[in-house]
């Protein structure tokens, strides 16, 4: 016998809506199935603004602390006579840095991520203040100005250039290995005497490496290169940019800073 498919009777309006109908009015950062997309340009702009807003606050706090340690004679004397403050700041810096860098759940959890980032920034600012107190005031101001110019130029280049610096991971790794080798050599040489040209070479290499890291991390924010950061990682992005700028300053200070008399 010939089989006949059963007839399905439908009532007008009882059919489920299509994807287009169901997602009418859905924002552009949603996929057709309603899931969330981090690749939307508006989301990326908000992410970048958030990162640089937090970064500006970090740098402002750091500059204020360094200025107090540099210009205030009582504070500078207290630091020079109490080296344990530097050790305590260094310890808290390592703990907060490792927590934020290695624990993804912690750095995404509000408000603990901001609390840890605040502690990290204050510790790093105190450490920079302790280091800056050994240098001449004019040298510190000169190095701050050079660092600001370098960072602004590198950031503008990173955002405007078509060169994908995020693909230069091998170059950055090689430069880091060179820095480690130089540090090991200096560790063996320094006990036998100060070698000015070796310290200058190490400072130049360090400044170049972290300038490239600043360009690399800046392009990770853009989201249109080979590698990019998720907008969830605004704390990690701020952390890396801040450290890049701080290390650029320390290496420039090592090159151009003059000791106090």
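Every read-out reported here was derived from the displayed coordinates using simple, explicitly stated rules and does not represent laboratory data. In this text the structure is predicted, and so the values were computed from the model without any measurement. Backbone-built Cβ (ideal geometry, glycine too); neighbour counts: all protein chains shown.
Project the alpha carbons of region 38-256 onto their principal axes and report the range along each, largest first, in whole Å.
54, 36, 30
Sorting check: for 221-234, 95-108, 113-126, 159-172, which peptide has the highest mean count of neighbouring beta carbons within 10 Å, and how do the rest follow?
Descending mean neighbour count gives 113-126, 221-234, 95-108, 159-172.
Return 209, 149 ranked ascending by Cβ neighbour count within 10 Å, so the fewest neighbours appear first.
Ordered from fewest to most neighbouring Cβ atoms within 10 Å, 209, 149 come out as 149, 209.
Using the count of nearby Cβ atoms within 10 Å as a rough guide to exposure, how do 238, 147 rank from fewest to most?
So the residues, fewest neighbours to most, are 147, 238.
Can you tell me the relative contact order of region 38-256? Whole percent, Cα pairs under 8 Å, sequence separation 6 or more.
Working: 214 pairs, mean separation 65.7, N = 219.
Normalised by residue count, the contact order of region 38-256 is 30 percent.
Rank by packing, highest mean first: peptides 210-220, 196-206, 73-83, with packing defined as the count of other Cβ atoms within 10 Å averaged across residues. It would help to have the intermediate numbers written out before the result.
On the way: 210-220: 22.7, 196-206: 14.7, 73-83: 12.3.
Order by mean packing, descending: 210-220, 196-206, 73-83.
Could you line up 242, 52 from fewest to most neighbouring Cβ atoms inside 10 Å? Intermediate results must be reported in sequence, preceding the final value.
Details: 242 21, 52 16.
With the fewest neighbours first, 242, 52 line up as 52, 242.
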